[in-house]
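The values are calculated or read from the model by the stated rules, or taken from the named source; none is laboratory data. Just so it is clear, the structure is predicted and the values come from calculations on it, not from any experiment. Methodologically, a virtual Cβ is constructed for each residue, glycine included, from the backbone with ideal geometry; neighbour enumeration extends over all protein chains shown. When the accessible area is computed, the model is the full protein with side chains, heavy atoms only, and any ligands, DNA or RNA have been set aside. Shrake-Rupley method; radii C 1.70, N 1.55, O 1.52, S 1.80 Å.
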Amino acid sequence: MGDHLGLRAEADRVVTHAFACLDPAYQGWHWAVTVARASRSKVVTVDECVLLPGDGALLAPEWVPWLERLRPGDLGPGDLLPTAPDDVRLAPGFAAVDDELDRQEQYELGLGRVRVLSREGRDEAAARWYEGPAGPHASIATAAPAQCSTCGFYVLMAGELRQMFGVCANEYAPDDGRVVSADHGCGAHSEAVSVPLASEHGPPVIDELGYEIVAPGDTGD
């Protein structure tokens, strides 16, 4: 603790004194010592002593919640992406109403198209998709907490392919916008886990015994 830098009255008989910090690891910081005196007492006691940053102090970057840091493509095998209960992208299952069934049936029959996919072509595509990276044997699927068929972001395909395949509609999932099998999966499942209410990590642990003071500019060995 260095020279006295000033004081500030906090309340009746409560004052905070500022002192310079001489620790080379905390340049720009200062000590704030709050003292108080009880009514009709002649003894002043120390309430609190903390190290506070000044205008030129080196600070850690501003904290950004993990859900805001996450970007599409960040999810890997074994990772879990919690979905908030009030996620606007999801709705209760009973609220799903399809108003375009007739239009889909007409499109599947090929009305308006010269040729449509044959049964052989459809079977070949289904086998290729199922055995590929969007099937159940992918590494990210084997580590997933649940299958795509139970995910709120799973959009069923039309026609016979809907029995085995759908399209992922989760922008944070690695298969967003791609065809996936019903038994595929990833950590971005809509019901993977619950969003934690508190911080994602515990309080920091500071070792105040085994440290070494290094002067600025001293690289050491």
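A few points about this structure:
- Segments 119-126, 141-148, 60-67, 14-21 sorted - mean Cβ within 10 Å per residue, highest first: 141-148, 14-21, 119-126, 60-67
- Each peptide in 27-35, 39-47 was scored by the mean count of other Cβ atoms within 10 Å over its residues; highest first, the order is 27-35, 39-47.
- Solvent exposure of Met1, expressed as accessible area, is near 120 Å², computed with a probe of 1.4 Å over the protein chains only.
- Couplings 3J(HN,Hα) of the range 68-83, computed from phi: 7, 7, 5, 10, x, x, 6, 6, x, x, x, 7, 10, 10, x, 10 Hz, in residue order, whole Hz [Karplus 6.51 cos²θ - 1.76 cosθ + 1.60, θ = phi - 60°; x for Gly and Pro].
- By a 1.4 Å probe calculation restricted to protein chains, Glu48 has an accessible surface near 100 Å², given to the nearest 10.
- The simple Förster model, with R0 at 30 Å and r as the Cβ-Cβ distance, assigns Leu5 and Arg69 a FRET efficiency of 0.20.
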